[in-house]
Amino acid sequence: MYRILLIEDIFDVRESVKDYFSLKGKDRFKLDLTFDFWDGMNKIRTEPYDIVILDVRLCIQTGADFCTLLSQHCPYPVMFILDMDDEEEVAYAIEMSPSSLILKPVEATDVYEQVSDYLNETETPSFNQMLEYSGIMMNPKTGHVTVDGTYVNLTGKASSLLCVLLENTNSVVSREMLLKRIWGEDFCGSDRVVDSQIRMLRKQLGEKGNLIRTEKGEGYIIGGKQ
């Protein structure tokens, strides 16, 4: 079942979308509703979703720098509810490049069709694709990483390294494999570049960096026997 979050302060819109999803997709969708931007952000931090539907005007009214908040805390596709005649809303949409636009006035049928069309293009719900181990959670599509719910801005090759390690949890990943996956087949440098980037990754993950262990003569592993 796909999970959808609608952040919308207009009661009639929330209710019409809820009723339509209940009528047409009760066995396919679980729809969460909130009228408050900050409550929506809290849900995004703590719950897995496939799509977040967000009224841009609501964010502007709160005075929040929601562009930064979304980039730091939302690893899920975002659809904007947007008034194309409002220059401020359009400017925010251009800056954020959302997955899709739902134009005002909002029709529940349009919301349902856009959500269905978007999800039909993906094989599985996005939260099932999340990589996770012991409090480290990563969206491999966006590179968004949280540690115990707190966003971590990984730099350099660290994000790619973490992705490969999480994809192979409990299995040793050789330096050769990491070089090929991240630096490419044509890389001519020393495999010790992997070691330096692993050190950087451990540092950026803080205490969780200790979960990445070195297997002497083999490579690196996250998980497995301690």
So how do Val145, Val152 line up by other beta-carbon neighbours within 10 Å, fewest first? Val152, Val145
Divide by every residue of the chain the summed helix terms, -39500 (n - 2.57) for each DSSP H run of at least 4, and state the resulting mean residue ellipticity at 222 nm, rounded to the nearest 500 deg cm²/dmol. -11500 deg cm²/dmol
Taking GluC sites (Glu not before Pro) as candidate sites, keep only those in a DSSP loop with at most 12 other Cβ atoms within 10 Å, then name the longest stretch of the chain containing none of them. 1-120
Per its Cα gyration tensor (rounded if a/c is under 1.5, else prolate when a/b beats b/c, else oblate), the stretch 130-222 is best filed as prolate
From the residues Val17, Phe29, Val172, which one has its Cα farthest along the dipole of the chain in the positive direction, the dipole being from +1 and -1 charges on Cβ of Lys/Arg and Asp/Glu about the Cα centre? Val172
Simple label model, 7 Å out from Cα along Cβ direction - Phe187 to Asn120, nm: 4.1
Gain in span if fully extended, Asp36 to Gln61, counting 0.36 nm per residue against the direct Cα distance: 7.9 nm
Counting only C-alpha contacts under 8 Å and six or more residues apart, can you give the relative contact order of the chain as a whole percent? 15
Between the helical axis of 11-25 and the dominant principal axis of the chain, each derived from Cα atoms, what acute angle in degrees is found, rounded to the nearest 10? 70
Surrounding net charge for Gly40, when Lys and Arg each add one and Asp and Glu each subtract one, Cβ distance under 14 Å: -2
Answer in debye to the nearest 20: the dipole magnitude of the chain about its Cα centre, from +1 Lys/Arg and -1 Asp/Glu charges placed on Cβ, is 1640
Potential extension, Tyr151-Lys203 segment - 0.36 nm per residue separation minus Cα distance: 17.3 nm
With springs only between Cα atoms under 10 Å, which of Thr146, Thr34, Thr155 fluctuates most in a Gaussian network model of the chain? Thr155
Taking the stretch 134-226, which trypsin sites (Lys or Arg not before Pro) meet the DSSP loop condition and have no more than 16 other C-beta atoms within 10 Å? Lys141, Lys216, Lys225
Name the residue, out of Gln197, Gln61, Gln114, whose mean-square fluctuation peaks in a Gaussian network model built on the chain with Cα pairs under 10 Å. Gln61
Compute the helix-to-body angle for 87-96: its Cα long axis versus the longest principal axis of the chain, expressed 0 to 90° and rounded to tens. 20
If one builds a Gaussian network model of the chain from Cα atoms under 10 Å apart, the most fluctuating residue listed among Cys59, Cys188, Cys163 is Cys188
Using DSSP to define loop residues, name the chymotrypsin sites (Phe, Trp or Tyr not before Pro) in the stretch 159-225 whose beta-carbon has at most 16 other beta-carbon atoms within 10 Å. Phe187
In whole Å, largest first, what are the principal axis extents of the Cα atoms in the chain? 63, 37, 33
Lys, Arg +1 and Asp, Glu -1 on Cβ, resulting dipole of the stretch 130-222 about Cα centre, debye, nearest 20: 200
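Every number here is computed from the coordinates shown, using simple stated rules; none is lab data. Bear in mind that the values here come from a model prediction, so they are computed numbers and not experimental data. Every residue, glycine among them, receives a Cβ derived from its backbone with ideal geometry; neighbour counts consider all protein chains shown.
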